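Q: Structure provided below as structure tokens; questions to follow.
The values are calculated or read from the model by the stated rules, or taken from the named source; none is laboratory data. Model, not experiment: these values are computed from the prediction. Here the Cβ is made from the backbone with ideal geometry for all residues, glycine too, and neighbour counts use every protein chain on show. Surface accessibility is based on the protein's heavy atoms, side chains included, excluding ligands, DNA and RNA. Shrake-Rupley method; radii C 1.70, N 1.55, O 1.52, S 1.80 Å.
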Amino acid sequence: MAQRTATRPPEEAAPSRDGLLRGAGSRVLGLWLLVALVVLTCALSIAVGTRSIGLGTVWQALVDGSTPGDETVIVRELRVPRTLLGLLAGLSLGISGALMQGHTRNPLGDPGLLGVTAGASLAVVLSIWLLGLGSPSGYVWFAFLGAFLGSVAVYLIGSSGRGGATPVSLALAGSALSYLIYALVQAITIRETEALDSFRFWVVGALAGRDSDVAVQVAPFVVVGLVLALVNAPALNLLGLGEDVARGLGQRIWLARAVGLLSVTLLTGAATAACGPIAFVGLVVPHVARTITGPDHRWLIPYSGLLGVVFLLLADVFGRVVARPGELQVGIVLAVVGTPFFIALVRRRKLVSL
Amino acid sequence: MAPTRAPAPGPRPRRTVRIGGLSTTYRRRQLVVPVLVLVVLVLAAALSLGRGDYPIGVVDVLRALVGLGDDTQRFIVLELRAPRVAVAVLVGIALGVSGALIQTFARNPLASPDVLGVTGGASIGAVAVIVLGGASATGVLGGLGLPAAALAGGLLMALLVFGLAWNKGIDGYRLVLVGIGLSAMAQAVVSYLLTRSDIQDAAAANVWITGSLNGRGWDQALPLAVALVVLLPASVALSRVLGVLQFGDETARGLGVRVPLAQAVTVVVAVALAAFAVSAAGPIQFVALVVPQIAVRLAGGSRPPLLASGLLGALLVVGSDLVARTVLPATFPVGVVTAVIGAPYLLWLLVRGRRLTTL
């Protein structure tokens, strides 16, 4: 009889397998390497574009703004704000994806797929239409509100069926709610051509063409969301053992869930308000991070954030290079890159194995 | 003394009909419901034919349809208004039958041509033509190229979804999830194309991707009618095979059905139906999703009945177009109405969540 507990199949044991990096030392080292990679990507993002600028000139333009010339203007006025925005959005989306996947135990967790960005989209189009707001700095608050309502609605719908919030039911609820919301968006933009004109440039998801002060505006929300995410990490590890076990270990479930939801809303809302809906970063990045760090959220969350920055900025640079002299918005690049990844996940045998 | 027993409650007995060597069984409800739906459909169509700048009563419309009444009324009804209603009816039939086939096949009430990627692919094709070819700019490309591009896009995307979801057979949920993923990508591509166009083209494309019957006529009705002549008999033949597939792949194989072939042919027919419908009127949303489920509740049976689904689809599209034209402000296309009806239903389906895995 005693054998019975010993013969549990290994994949049931939670938290499951380790990542590539074991031990705190190598993980800290990995984190520093990742920070270096982020700095490198930022430099790349500032240097590469329709007009490539040497790194020396970039450095000069950054340090000494008084040097006259087009390069200085491009670097300071266009490339730096754009890179900053990518930095904030990448952090936000990577981390909120990790939180969503952790809280819902759903490998398909992504703000775009779970209806959060759809909620933000509707709020934005409403604010453009009803209040005549034409710029991201104007509709940032509405995007927050919409993101919050969207995430709550998807979670409620997805968990209200029999069997609770399963990966499949959440993905379906997200998709169904998105259908409904985009139908409403459609109804508005069909009648209001002016709203369509603003909305269509927001909805693709891009780092370019946003106001330069947007990054500054959303930064506080990203910082608060980041702190909350890190605070939430130990609780998330306990929740991974199952709600009953977590409760038995003295975890206040509702508090952990509320902190997680607040953090996801702040991060996704900030990123979506600033850049428009960018799908698939939140989906792909945590999976990559998890293979490096394993399932411990205290490591997973910072790794996801930094990897999100690298992923988003590289996609943005790629979009600038591939379609010269024009450019492909980062949301499009990510959708095309992220879809094969999503399909590979879906085709995996065990959907629920997080 | 033996107690008198009430007859055990169970399914109504099936009736048998024989024509020569052919015989089939049916339940009365499965015949009565389509007939009733057909009557309502005719009335709705007559109402729709009568509404417009020159209102004509239902009775006069019916008289005009059979060649009676005065010339003016006949002209208005037959020449001006009938083409649009004909497109609505044909699109509704195609979407309803397509939805019924796909839901039966995937054993999942959430499956629909939209989820299989037909909508996304067709939208890419059509919007590309509008934006890059310029429906307003070059008339030839706009008039000839758009339906063809939508058809090709829808078929290709559905092929892609089906191919990627195939893994030694088809699992309903995998199919739906792969479809969701590729639809997200298609939406991104459409959004991108919209940013590349000038605002007039973007507005036109925006109306198209909602699904609209504005300006549709015999040019759209005829290809669709030809497609239905080929595809509907194929659907009926397939529905018998699908009936066997309901019992699971193993049983079907035991009964001599070549399961992969049957599945592939079903998907091809269902997708082709939807793609032709979409190329005629744009992706009128939720019809293919909602109609089979209403049909199965009305007509009974273990799976969506094709006849009732087709007729109900036609009724939904004709009725929604009537509402769009008469109740709503003039700029709303029919797709807005079907979305308003269909989307809450989809959510309700999820909230209720019970009959998700089986039909």
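Q: If A:42, A:275 are ordered by their accessible area, calculated over protein heavy atoms with a 1.4 Å probe, which sequence runs from highest to lowest?
A: A:42, A:275
Q: How long is the gain from residue B:200 to residue B:58 if the chain were fully straight, where each residue apart is worth 0.36 nm and the alpha carbon distance is subtracted?
A: Gain on stretching residue B:200 to residue B:58: 47.4 nm.
Q: A further question on this structure: Can you give the angle from 0 to 90° between the axis of helix A:193-203 and the longest principal axis of chain A, with both taken from C-alpha atoms, to the nearest 10?
A: 60 degrees
Q: Which value, in Å² rounded to 10, gives the accessible area of residue A:221 with a 1.4 Å probe and all protein chains present?
A: The accessible area of residue A:221 comes to roughly 40 Å².
Q: On to the next question. Rounded, prolate or oblate: which fits the range B:55-203, taking a ≥ b ≥ c as square roots of the Cα gyration tensor eigenvalues, rounded meaning a/c under 1.5, else prolate when a/b beats b/c?
A: Since a/c reaches 1.5 but b/c is at least a/b, the shape of the range B:55-203 is classed as oblate.
Q: Quick one: order B:199, B:130 from most to least accessible surface, probe 1.4 Å.
A: B:199, B:130
Q: Wrap a convex hull around the Cα atoms of the range A:24-346, take a quarter of its surface area, and give that in square nanometres.
A: Result: 17.3 nm².
Q: Under the definition of Cα pairs under 8 Å and six or more residues apart, what whole-number percent is the relative contact order of chain A?
A: It comes to 30 percent, rounded to a whole number.
Q: While we're looking at this one, here's another question. Once every DSSP H run of n ≥ 4 in the protein assembly as shown is given -39500 (n - 2.57) and the sum is divided by its residues, what mean residue ellipticity at 222 nm do you get, rounded to the nearest 500 deg cm²/dmol?
A: -23000 deg cm²/dmol
Q: Nearest 0.05, what FRET efficiency do residue B:251 and residue B:40 give at R0 = 35 Å with Cβ-Cβ as r?
A: In this case the efficiency is close to 0.40.
Q: Full-extension gain between residue B:80 and residue B:240, please, as 0.36 nm times their residue separation minus the C-alpha to C-alpha distance.
A: So the chain would gain 53.6 nm between residue B:80 and residue B:240.
Q: Nearest 10 degrees is fine. How inclined is helix A:136-160 to the longest principal axis of chain A, computing both from alpha carbons?
A: For helix A:136-160, the angle is close to 20 degrees.
Q: Moving to a separate point now. Enter the accessible area of residue B:54 (Å², nearest 10), with the probe set to 1.4 Å and all protein chains included.
A: Using a 1.4 Å probe on the heavy atoms, I get roughly 100 Å².
Q: Shape of the protein assembly as shown from its Cα gyration tensor (a ≥ b ≥ c, root eigenvalues): rounded if a/c is under 1.5, otherwise prolate when a/b > b/c, or oblate?
A: Numbers: a/c = 2.27, a/b = 1.37, b/c = 1.65.
Verdict is oblate for the protein assembly as shown.
Q: In percent, how large is the relative contact order of chain B, given Cα pairs closer than 8 Å and 6 or more residues apart?
A: The value is 28 percent.
Q: Of all the accessible heavy-atom surface of the range A:24-346, with the other protein chains kept in place and a 1.4 Å probe, what percent is carbon and sulfur?
A: 70 percent
Q: Treat each spin label as a single point 7 Å out from the Cα along the C-beta direction, and report the residue A:347 to residue B:132 distance in nm.
A: Label at residue A:347, label at residue B:132, 2.6 nm between them.
Q: Relative to the longest principal axis of chain A, what angle (0 to 90°, nearest 10) does the C-alpha long axis of helix A:253-275 take?
A: With rounding to tens, the tilt is 20 degrees.
Q: Here is a further query. Please work out the Cα center distance from the range A:193-247 to the range B:96-110, rounded to the nearest Å.
A: 37 Å
Q: Compare B:160, A:33 by solvent-accessible area with a 1.4 Å probe and give them largest first, with all protein chains kept in place.
A: I get A:33, B:160, largest accessible area first.
Q: Please work out the Cα center distance from the range A:319-343 to the range B:35-51, rounded to the nearest Å.
A: The range A:319-343 and the range B:35-51 have Cα centres separated by 48 Å.
Q: What is the mean number of Cβ atoms from other protein chains located within 10 Å of the Cβ atom of each residue in peptide B:328-340, rounded to a whole number?
A: 3
Q: Leaving out ligands and nucleic acids, note down the accessible area per residue over the range A:24-346 with a 1.4 angstrom probe, in whole Å².
A: I get 37 Å² per residue for this part.
Q: Where the centroid of each part is defined by its Cα atoms, how far is the range B:277-302 from the range B:210-231 in Å?
A: Here the answer is 17 Å between Cα centres.
Q: Let me ask you something else. Is there a simple number for the mean count of other chain Cβ atoms within 10 Å of the Cβ of residues in A:182-189, and what is it? Write out the running numbers ahead of the final one.
A: Values: counts 6, 10, 4, 0, 11, 10, 1, 6.
Taking all residues of A:182-189 together, the mean is 6.
Q: Sketch the reach of a paramagnetic label on residue B:226 as a point 7 Å from Cα along Cα-to-Cβ, and name the residues of the range B:249-274 whose backbone nitrogen lies under 13 Å away.
A: Output list for this probe position: empty.
Q: Let me ask something else. Using only protein heavy atoms and a 1.4 Å probe, report how much of residue A:299 is accessible, in Å² to the nearest 10.
A: The accessible area comes out at roughly 50 Å².
Q: Here's something else I'd like to know. Which residues among the range A:266-296 fall inside the zone where the amide N is under 17 Å from a point 7 Å beyond the Cα of residue A:223, along Cα→Cβ?
A: Only A:266-267, A:270-271 fall inside the zone, counting backbone N under 17 Å.
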